[in-house]
Structures are given as structure tokens and as C-alpha cells.
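**Student:** Below you will find the structure I want to go over with you.
The values are calculated or read from the model by the stated rules, or taken from the named source; none is laboratory data. Since the model is a prediction, treat every value here as computed from it, not as a measurement. Cβ atoms come from the backbone with ideal geometry, glycine included; neighbour counts cover every protein chain shown. Surface areas here come from the heavy atoms of the whole protein model, side chains and all, with no ligands, DNA or RNA. Shrake-Rupley method; radii C 1.70, N 1.55, O 1.52, S 1.80 Å.
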Amino acid sequence: MSRSFLFVPADSPRKLEKAGSCGADALILDLEDSVAPSARPAARELAVEFLGRAVAADVWVRINPLAGPDALEDLRAVVPAAPAGIVLPKPVGARDASDLAKLLDSLEQESKLAQGSTRILPIATERPQALFRLHEYAEATPRLAGLTWGAEDLSAAVGAAASRDDVGHWLPPYELARSLCLFAAAAAGVPAIDTVFTDFRDVEGLGQYASRARRDGFDGMLAIHPAQVPVINAAFMPTEAEIERANKIIASFAEHPDAGVVSLDGEMIDRPHWLQAKRILDTAMRLDEKAAETGNE
């Protein structure tokens, strides 16, 4: 899974052109909130055109809510162009992901695409009722590529005046939604992707937020502006010190394969430390491979 997912309004040729060279691990061509209903037909055409020439990043498409009138038109337009996946907004629960998977089965068959090639990333917390069913994503569909969350629609649904406090921290209801998304992703065995940091001019605040997200267990983050991408990418890259320590932990257990606990630098290390070390090294290897494929350092 990618570190950075950049939303790009699909109705803006200028923003689409700029997004292709911003360094994001993945792009999300948006046909929903950032596109007026009257502009969606043209946006679909631009999205298909972009998918046909995109080479540098995984390109996803955020469709409109599955229960609405635009979702099927979105899917019919973009699935034949083989996006990496579909970002599913405002699901009521995992059943929406399952229903989307069935639609993708049919559309992939019609388009002669490999079955299961189009992945699904739900924005899993935008409806209040969805919070009570997040555990169901563990059995939803093999297409599930991750879970992410959002607070804006959720706060509007409950009539909240704000979702963050005066210093920008999530208020308790939305911190709960964030945590539930993280745990649901872990239960489903897929990456957890943190939501957007809306003040794109606050680079320092973004860096702190993204670092906390990685600390908490998130694997990546959504972005709303190209300037946010390098900050997010850096925050989710393991440091040299972390890689060095992870290698030591793996080596210590390799030397004592039957041990449940080993001593390292005066600290007792057990199997959860080994799992975290393996995750760090796997992430570093995957990002190194991605950099080699794209020619980036």
C-alpha cells in the first residue's frame, strides 16, 4: 500500500497535469465532492483520458456514493480504463463494499480485465451507522485494499459545530472514529490510511500529524494538495535508526529461534517486537523497490 494518496479533482486538466509529477505514491481522481454534478460527465472523460496515459503512480478513482444515481455511470466510464482501484465514499457498511465488488466483477468481465484486478478502498466512517459495523470489513471482499476514514461528513451528520479543538486535535467523537478505522483495518489484514490534514499551508503541523499517524499504526495518509506529498512520504518512511534496530531484533531471534524473549541492548524483547521489526523492514524494502521502479531516490 502507498504512503500518500493525493486527491485530484477529475474535472481540472491543470490539476491533473500537475498531479502526475508531484511524487505521490497514488492518485485519487475525484468524481465526488470536488466535482459539481453538472461537471461529472466531462470529469469522467478526463479521468478516462488520464488513466490511459498514467504511468508514474497507482491511479484510483473516487466514485459517488453507491446508493446515488451517479455511481454506476462513474463505474461504467472508468473501469474499462483499468484504474488501480475504486475509492468508495459514504458506505453504510461493509455490504456496500461487497455490492461494489459484484459490480466490478461484471464490469471487468465486460471489459476483458483480469477478475479481481480493481481494488476497493472504502472511506469507512462517513456515516454514523457505519461505525457500528466496521468489523464486518474483515469478511467483505478479497478486493479490499485498505480502510480510510473521514470526519467532515460524519460531523455534519451529527450536527457538530467542529471536529477539532482550537489546536487542531481531533475531538473525542472523531478520535474514536479514527481509532475504530485503525483497528478494523488491522482486523481485516489491510493497511489503514489516515484522513486528510486540511490546512495545506501548515507544513509543520502536517509533519507532526503524519508522524503521529505512523506512530499509531497507520500505513499512509490522504492528501489534498501536491505540497503535502513530500511531507507525508517522509513521515511514513522508516528512519535509518529504526531499520538498524529492526535488523538487530530480527537477528537476535534468528540466533535464538526457540526463545520467546531475548535481550537486546539491556531491554527484554518479545514476539510483538519481532512482528513490528518485520513490518518496518518489509515497509522499507517495499518503498526501496517502488523507488527503483520509478527511478526516484
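**Student:** To the nearest µm²/s, what D does Stokes-Einstein give for the stretch 1-142 at 4 °C and 1.567 mPa s, using the Kirkwood radius over alpha carbon pairs as Rh?
**Tutor:** 85 µm²/s
**Student:** Computed on alpha carbon atoms, what radius of gyration and Dmax characterise the stretch 124-270, expressed in Å?
**Tutor:** 18.3, 57
**Student:** Give me the percent of DSSP beta bridges within the chain that run antiparallel, rounded to the nearest 5.
**Tutor:** Percent antiparallel among DSSP bridges in the chain is about 15.
**Student:** Next question. What is the Cα radius of gyration of the stretch 156-201 over 2.2 N^0.38 Å, N being its residue count?
**Tutor:** Compared with the compact-globule rule of thumb, the stretch 156-201 sits at 1.33.
**Student:** Just to be sure I follow: if Rg is taken over the C-alpha atoms of the stretch 218-292 and Rh is the Kirkwood radius over the same atoms, what is Rg/Rh?
**Tutor:** 1.10
**Student:** So what is the relative contact order for the stretch 60-198, in percent, with contacts set as C-alpha pairs under 8 Å and at least six apart?
**Tutor:** Here the relative contact order equals 21 percent.
**Student:** Once fully extended, how much extra length lies between Leu264 and Asp105, figured as 0.36 nm per residue of separation less the alpha-carbon to alpha-carbon distance?
**Tutor:** That works out to 52.3 nm of additional length.
**Student:** Let me ask you something else. Take every Cα pair under 8 Å in the chain that's 6+ residues apart, average their separations, divide by the length, and report that relative contact order as a whole percent.
**Tutor:** 15 percent
**Student:** GluC sites (Glu not before Pro) within the stretch 151-259: which are DSSP loop residues with at most 15 other Cβ atoms inside 10 Å?
**Tutor:** Qualifying residues, ordered by number: none.
**Student:** Working out 0.36 nm times the residue gap between Gln208 and Glu244, then minus their Cα-Cα distance, what length gain in nm do you get to one decimal?
**Tutor:** Between Gln208 and Glu244, full extension yields 10.7 nm more.
**Student:** Compute for the chain: radius of gyration divided by Kirkwood radius, i.e. Rg/Rh, restricted to C-alpha atoms, rounded to two decimals.
**Tutor:** Dividing the radius of gyration by the Kirkwood radius yields 0.98.
**Student:** So with the 1.4 Å probe, I'd like the accessible area per residue for the chain, rounded to whole Å².
**Tutor:** 49 Å²
**Student:** If you take the alpha carbon radius of gyration of the stretch 178-225 and divide it by 2.2 N^0.38 Å, what ratio comes out, to two decimals?
**Tutor:** Compared with the compact-globule rule of thumb, the stretch 178-225 sits at 1.17.
**Student:** Heavy atoms only, probe 1.4 Å: what % of the accessible area of the chain goes to carbon and sulfur, would you let me know?
**Tutor:** Heavy-atom surface of the chain belonging to carbon and sulfur, 1.4 Å probe: 54 percent.
**Student:** Please compute, for the alpha-carbon atoms of the stretch 55-208, the extent along each of the three principal axes and give them in descending order in Å.
**Tutor:** 52, 35, 31
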